[in-house]
Amino acid sequence: MTSMPPGERIGSHLKRAEQALLAAKNAALKPAAVTVPQYAALLWLSEKPGISAAALARLCGVTPPTMNTVLKNLQERALIERTPHEWHRNVLETRLTEEGRAVMELADAGAVRVERALAAAFSAQEREQLIGLLGRCAEVLDAQR
C-alpha cells in the first residue's frame with residue numbers, strides 16, 4: 001500500500017483535468033488541422049510577431065527542441081516564415097503568413113468554444129477562485145524545483 005491514496009493526490013486530479021482539456025481542444029482544432037502545441041505557437045505568434053523560438057517555447061510551456069519541431073512542421077505547411085534577425089544573425093524571427101493567420105483564426109474559434117464552455121460551468125466567483133488555486137499550485141510546485 002502507498003503512503004498516500006491516489007484519490008487524495010492533487011496532481012492526479014490536475015492531470016485528469018489537463019488530459020480532458022487537451023482532448024477537447026484537439027477535437028475543436030481538427031477543422032484547422034493543427035495540434036494543441038501548433039495552435040499555441042500560432043496564437044502567441046499572432047500576439048508577438050517576430051518572437052524567437054526560445055521565447056516562444058517559454059510562452060507555450062515546451063522545451064526549445066519541441067518548439068523547433070513544432071515550428072518546422074508549421075513552416076513546412078507555409079503557416080509561418082522564419083527570417084534572420086536584422087542584428088543577430090543567429091536568431092530567427094518567426095511570423096505568421098497570411099495562410100497561417102487564417103488557420104490560427106479558424107483554430108482559435110474552436111479553442112475559444114472549449115474555453116467558453118469550460119468557463120460557463122462555473123460562476124464568476126468560482127472561476128476567480130479556481131484561477132487563484134491553480135496559480136497557488138504553480139507557485140508551490142515552482143518552489144519545489
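Structure summary
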read-out	value
Given (1) charged (D, E, K, R); (2) outside any helix (DSSP H, G or I); (3) out of contact with any helix residue (DSSP H, G or I) (no Cβ under 7 Å at 6 or more places or on another chain), index of the condition ARG82 fails	(3)
Near pairs, Cβ below 9 angstrom, 6+ apart or cross-chain, from the range 1-23 (loosely packed, with under 10 Cβ neighbours inside 10 Å) to any residue that is part of a helix (DSSP H, G or I) and not charged (D, E, K, R)	PRO6/SER12; GLY7/HIS13
Whichever residue in the range 30-39 is more than 30 Å from ASP142 (Cα to Cα) and assigned to a helix (DSSP H, G or I) and, among such residues, is farthest from the chain's Cα centre (by Cα)	PRO31
Verdict on VAL91 being open to solvent by less than 60 Å² (accessible area, probe 1.4 Å) and closer than 24 Å to ALA138 by Cα	no
Meets criteria (in a loop (DSSP other than H, G, I, E, B), out of contact with any His (no Cβ under 8 Å at 6 or more places or on another chain), in contact (Cβ under 8 Å) with a residue 12 or more places away in the chain and open to solvent by less than 60 Å² (accessible area, probe 1.4 Å)) for VAL62	yes
Residues being open to solvent by less than 30 Å² (accessible area, probe 1.4 Å) and either in a loop (DSSP other than H, G, I, E, B) or within 18 Å of GLU81 (Cβ to Cβ) (or both) - total across the range 40-56	9
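The values are calculated or read from the model by the stated rules, or taken from the named source; none is laboratory data. In this text the structure is predicted, and so the values were computed from the model without any measurement. Neighbour counts run over all protein chains shown; Cβ positions are idealised from the backbone, glycine included. Remember, those area values only see protein heavy atoms, side chains included, never the ligands or the DNA or RNA. Shrake-Rupley method; radii C 1.70, N 1.55, O 1.52, S 1.80 Å.
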